[in-house]
Structures are given as C-alpha cells and as structure tokens.
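Here is the structure we will look at.
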Amino acid sequence: MKRTLLSIIIFCFLLSFKSKAEFELQELIPGFNYKTWFKEKTKCNPDTNWFGAWTITPNKNDIYFGFATARPAEYDGAILARLSANGLDSLGLINDQGVHGVQMVRDTLYIIGSDPTGKDGWDAGNFYKFIPPNNFIKIRYDSLKKPVLRNVIHSWGLFVDTLSETIYCSTGSYDPVRYSKNNNQCGNENDTTLACFGEIWKSEDKGSTWEIIAGKKPYDFCTNRVYDVMKFNGILYANIANYSTYSMKMSTNEGQTWFVIPDVVGASLYRMMIFKDKLLLVAFTGASIFTFDNVGTVKSLYTPSRFNYSFNVFANAEDRYLFTYFTDGSVYVTTDLVNWTNIIPATGKNFVSIAYRDFDKSLILSERGSKANLWKIDVSTLINAGVTTFNNDEDINFSVNGDELIIKNNIKSNSVNCTISNVLGQTAGTYSIDNLNNRFSIDISELTSGVYILNCRCGFKNYTFKFVKN
C-alpha cells in the first residue's frame, strides 16, 4: 500500500513540473483540409457538426483512420485512410453510414461499418478487411451468394481475439416482414410490432463465414441493440441496450448461456477497454466507469468529468498509462483509474477518438465538426520515464531484442518453466529451460504489437515481468 501511494505521489509530482510545451496539441498534418479531401474521395458532403475520424489505429509507423460523414447511421459516406510517410491516402470506400469498429491483428485490419448504404440493402451487414499494402476486401455474401451477416442493419461493436483471431461482432438486426408492416419502423417493445433486436456474431475464418452466438431466437437476447462485445479472461461481455433498459451480460461458455451482471448499467456507443487486468465500461451517466477484474469483482469509479459523445474514448499506453478526453476538450491520464492528472486543459474541442502510437510515444486525437482535424500529443517523456528494456532479478533476468526474448537462469540447479500471456490473460506460449542451459531464446515474431506478461517458475518461486512487443 505504501509503495502504491508513493508511486502515485511521484507520478503526480513529476507531471506537475513538466513544461506546457511537453504536453501540447500539435496538428498531425499542419494546414490540411480534411473536409475537402473527404468530399473529393467519397462525393459526400461532410456534416458541419459530426464529420471526423471516428477510429484511429496506429500500426508501426503508419496510422489508419476511419472517416465518416457524420454520426453512425445518420448520413452516407465513410472511408478507410492511411497516414504514412507518403501522406494521407484513401484505401477503400466503406459502404456504410459510419465506421467505428477497427482492429489490427498481425497483418490484417478488420473493419465494420454502421449501416449499409447505396445498393447494399438490409439483407446483410458489411464486413471489411485490409491487408497492407493495398488489399481492401469487402465481405457481404458467401460463395453461395448468401448473406454472411443476415438481416444485420447496424454493426456496433467489433472485437478480435489476438491469439486465435476469432472475430466477434455485436449488432442491431431486424425482421424485414415486421418492419415493413410497421411502416419501416422498429416498433414498440410492448406489442407485436417490434421488428428490431440485438445479436452477437462470431467468425473463426477471418470473416468469411459467421454464426450467431447470442440472439439465435430474435428478441430472446436483446430487444434493440448490442452496442459492444469483448472477451476478457475467457469470458464474453456484452453491453446491451433494450428500448427502455440497459444491462451488461456475460457468458463463460462462448455464448451458450448468458447472465445479467447485477447493478451494472452501461452507456451506449462507448467501446469497452482492457487496462491493467481490468475490463472498463463507461457507465450510463457518462461520468464514471465500471471495472471488472479477473475474479469477477465489479467496482464503480468516478472520472474527473463527463465523456464526450463518441465511441473510442480510451488509449492504453503499454498497460501503464490510460489516457482519455472529456466534453470540455481536456485530456487526462491515470495509472490506477482512481487518481487522474490533467495533461491538456480544456480546449473546447470536440474529440471523437483517441489512440496511443508506440512508434513515437504519442497520442493521436481526432476532432469532429466544422473544425475537423487530427492532433498529436508527445507523451514520450512520460512513457520513457523510469523504463528499462532489461529486467533483472537475482535468480532470473530477461531482455527483449527485436523479435527475440532472451531469458537467463542464474540458478543452475533448477529448471525454469515460463509462460507468455497477453493482457487478456490468454496464453501465447509455454517454454522450459533445463538446468544444463542457463540461456534460452524465444522467437516472439508471431506476437502482435502490445504488452505481454512473462511468468517464470523456478523451484518454488514465481517471477513475473511485463514486456512490450513493438
């Protein structure tokens, strides 16, 4: 307890003495007109209040953006773009009213849109993949010309298991017959006109085929929309929005059965996040968060202000710092979800997305509306403070050298058994070092970029280290 308190005091002390120049907003592309560029690429008119990049996905020295004309399911027009050393490029049109679910796993970017548009009707939802450098793929029908996401009118949440590459998508779906009879309206949940319901879909072949794991019978899981889905410590969590109630559900058996978590009412739209072995959910009030730990304990924690209307409000930096923004355009950081430090005072900017870029230790933020812009905050001094790439213990030490993890056993009489896990608690590999070889090299080239836990057991002692795979 004393060590934790001291760490917090030192953290806040160091931040208070940083010059303003060390934490300031800088234009990512000075003077660039994103609205003009977007209109040229999509032929759609950016909305005055809501146009912007609703998703930000850094990957090494590139940054991917999901630009949309307006709020999800409001106006046509969305595009996937990439900022590289060559500038901002359009990678592919997204035939949906909005885009807010994007995740990079290994060499593939997985993408969902909000609401099919143009020639795409509501017989299916759209799913997209982008494989660098230029392979943009849209998946709507299977080889038999059947919809892969049948009767999905809104795709809300996307989560990809980084180890198995199993994809989960939470949706708002509908019954076309009921919908037509109800004058093209979802209806009233208290009578037979109800036409819309929520589902969760899963794909184990990178989006080529899908199966329903929640809502197989319409209306039995959710009577409106499932806003987000995430897997944490082997448990599926779903943020549910019925017409008059909100709830959080969980499944320990891959969706076969679901249970409501008591007294947890989440806010719609906001993506869940995992930070320091906890799952985070923005509360219905928009001014606090729920946390779920690996043994199922739920806590409610207040935040310094209210979250802005958006989807992606959290940026996890190496599982050490969590950054977010609020309605007044301020940016905050925390290490423990209790103590928050303001690094950018109120700016009045309407941010709609944030992400951490490991390549240069910076935050990337998107601003919406008539002043739509992309911003950068250099946080390298904070991230690099007190960090070493080599961790030592009197018995065991290790180092990371590119795609190689080197473990040294200084106790020659005992073998060492090691496990690498990601922050979700999923095992990426197990390894052993016998007592005849005190140096062991592990190839980690197949691991995606991110934070991992190395746990080694030697005799009766356990040793736990964190490392970052770039």
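Throughout, read-outs are computed from the coordinates displayed, never taken from laboratory work. No experiment lies behind these values; they were computed from the predicted model shown. Neighbour counts run over all protein chains shown; Cβ positions are idealised from the backbone, glycine included.
Key figures for this structure:
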{"quantity": "For the stretch 279-309 versus the stretch 208-260, the gap between their alpha-carbon centres in whole angstrom", "calculated": "19 Å"}
{"quantity": "Listed residue pairs exceeding 31 Å between alpha carbons, taken from LYS41/LYS216; LYS129/LYS299; LYS43/LYS249; LYS39/LYS276; LYS181/LYS216; LYS278/LYS371", "calculated": "LYS41/LYS216; LYS129/LYS299; LYS43/LYS249; LYS39/LYS276; LYS278/LYS371"}
{"quantity": "Phi to ³J(HN,Hα) by Karplus 6.51 cos²θ - 1.76 cosθ + 1.60 over the stretch 363-377, Hz, x for Gly, Pro", "calculated": "9, 10, 10, 10, 10, 9, x, 5, 9, 3, 7, 10, 10, 9, 10"}
{"quantity": "Placed amide H near LEU149: partners under 5 Å, 5+ positions off or other chain", "calculated": "GLY125"}
{"quantity": "Student exercise, the chain dipole from Lys, Arg, Asp, Glu Cβ charges, in Debye to nearest 20", "calculated": "340 debye"}
{"quantity": "Residues with amide H under 5 Å from that of PHE275, placed H, sequence gap 5 or more", "calculated": "LEU280"}
{"quantity": "Cα gyration tensor category, rounded, prolate or oblate, for the stretch 269-327 with a/c compared to 1.5", "calculated": "oblate"}
{"quantity": "Per-residue ³J(HN,Hα) for the stretch 247-253, Karplus 6.51 cos²θ - 1.76 cosθ + 1.60, θ = phi - 60°, Hz, x for Gly and Pro", "calculated": "7, 10, 10, 9, 9, 9, 10"}
{"quantity": "Peptide ranges 183-191, 166-174, 215-223 listed from the most packed, as the mean C-beta count within 10 angstrom indicates", "calculated": "166-174, 215-223, 183-191"}
{"quantity": "Overall form of the chain per C-alpha gyration tensor (a/c, 1.5; a/b vs b/c)", "calculated": "prolate"}
{"quantity": "222 nm mean residue ellipticity, helices alone, for the chain (DSSP H n ≥ 4; -39,500 (n - 2.57); rounded to 500)", "calculated": "-2000 deg cm²/dmol"}
{"quantity": "Neighbour-count order for VAL148, VAL338, fewest beta carbons within 10 angstrom listed first", "calculated": "VAL338, VAL148"}
{"quantity": "Dipole of the chain, positive direction: furthest Cα of ILE453, TRP210, PHE38, with charges on the beta-carbon", "calculated": "PHE38"}
{"quantity": "Amide H contacts of ASN397 (H built 1.01 Å from N, under 5 Å, at least 5 apart or other chain)", "calculated": "LYS408, ASN410"}
{"quantity": "Cβ charges +1 (Lys, Arg) and -1 (Asp, Glu), total dipole of the stretch 79-159, debye", "calculated": "220 debye"}
{"quantity": "Under the Karplus curve 6.51 cos²θ - 1.76 cosθ + 1.60, θ = phi - 60°, whole-Hz ³J(HN,Hα) for the stretch 136-149, x wherever Gly or Pro sits", "calculated": "9, 10, 10, 10, 10, 10, 8, 5, 9, 6, 9, x, 7, 10"}
{"quantity": "Residue (of TYR431, MET250, ILE354) at the positive-pole extreme of the chain, dipole from beta-carbon charges", "calculated": "ILE354"}
{"quantity": "Angle between the chain longest axis and helix 2-16 axis [Cα atoms, degrees, rounded to 10]", "calculated": "70 degrees"}
